[in-house]
C-alpha cells in the first residue's frame, strides 16, 4: 500500500509539468531512431558483418534498446545517488520513511519520458522479424519478457554497485555515466570486438548480458545462445549484489552537517 502511494505520488509530480514530460518523450523518441536508421542504411550496402545478417544485428539492437529504455525509466535515480542524496544529506529523508530506501530512491526518480525508447526497441525487434529473421519456437519466444527483466536486473545491479562507490569515496563526481558508456558495445555482436573487451563485458562488468547475450538466446543457431540462457541467473546475482552494495554503503553513510 505504501509503495503504491509513492508510485502514484511520483506520477502526479511528473504530470504537473506536462510540457517537460512531452518534450522528454519527443526527445527520447528522436534520439532512439538514429541507431536503427544507421543499421538499415549500413546493411542496404553490406550483406553481413562477420557472419551476422542485418535482421540479426537489428534484433540485437532492438533488444538492447528495450533494456536501456527500461533502465532509464526505473534506475535513473542512480545518477543522483552521490551528488543529491549522499553528499547533501537528502538520503535522510528516505531513511525515516517506512519503505526500503533503495526502492524509494528508484521511485523518486522514475523517468516516464524514457518509455518511447522501450516502445521503439520493441518495434525494432518486430522490424527485424519482418525483414526476414526467423525466431526459434513459440516456447522460447514466450520467455522474452523474462529475459528482458533479467537483462534489466543485470544492468541495474551493476550500475547500483558502481553508484554506491559514492558512500566510500566521498567525492562529487560519479562513475555511473562513464561505466554505462560500455553498454554501447552490447548493441552489437560482441565477437566483432577484441577478446579483452569481450572478456570485460562477460566477466568483469557483465553488461553483455544486458544486450547481446540476451538477444542471442532468441536468434537462429549461434555459438552464444548457451551463454544467453544464463541471463535470468546473472540478473538475479547482479541485482542482489547491487542491493547488498547499497546496504553496505548505508553503514558508511553520515548525514551532511
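The table that follows gives values for the structure above.
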| read-out | value |
| --- | --- |
| Meets criteria (exposed (fewer than 15 other Cβ atoms within 10 Å of the Cβ), modelled with pLDDT of 90 or more and out of contact with any strand residue (DSSP E or B) (no Cβ under 8 Å at 6 or more places or on another chain)) for residue 65 | no |
| Residue count, segment 130-162 (criterion: farther than 30 Å from residue 244 by Cβ and modelled with pLDDT of 90 or more) | 1 |
| Single unsatisfied condition, residue 60 versus (1) touching a strand residue (DSSP E or B) at 6+ places or on another chain (Cβ under 9 Å); (2) surrounded by fewer than 20 Cβ atoms within 10 Å (Cβ to Cβ) | (2) |
| Conditions (1) within 16 Å of the chain's Cα centre (by Cα); (2) crowded, with 16+ Cβ neighbours inside 10 Å; (3) in contact (Cβ under 8 Å) with a residue 60 or more places away in the chain; number of the one not met by residue 240 | (2) |
| Any pair with Cβ under 8 angstrom, 6 or more apart, that starts in segment 109-138 at a residue that is without any contact (Cβ under 8 Å) to a residue 40 or more places away in the chain and ends at one that is assigned to a loop (DSSP other than H, G, I, E, B) and surrounded by 17 or more Cβ atoms within 10 Å (Cβ to Cβ) | 109/80 |
| Any hit, segment 203-220, residues being more than 19 Å from the chain's Cα centre (by Cα), surrounded by fewer than 16 Cβ atoms within 10 Å (Cβ to Cβ) and either closer than 12 Å to residue 60 by Cβ or at pLDDT below 95 (or both) | yes |
| Counted residues, segment 84-118 - those being closer than 17 Å to residue 164 by Cα and over 21 Å from the mean Cα position of the chain (by Cα) | 12 |
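Here is a yes/no grid of residues against (1) at pLDDT 90 or above; (2) touching a strand residue (DSSP E or B) at 6+ places or on another chain (Cβ under 6 Å); (3) assigned to a helix (DSSP H, G or I); (4) closer than 20 Å to residue 155 by Cβ:
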site	(1), (2), (3), (4)
35	no, no, yes, yes
42	no, no, yes, no
71	yes, no, yes, yes
77	yes, no, yes, yes
88	no, no, no, no
105	yes, no, yes, yes
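The values are calculated or read from the model by the stated rules, or taken from the named source; none is laboratory data. Please read these numbers as outputs of a predicted model, since none were measured by experiment. All Cβ positions, glycine included, derive from the backbone under ideal geometry; neighbour counts span all protein chains shown.
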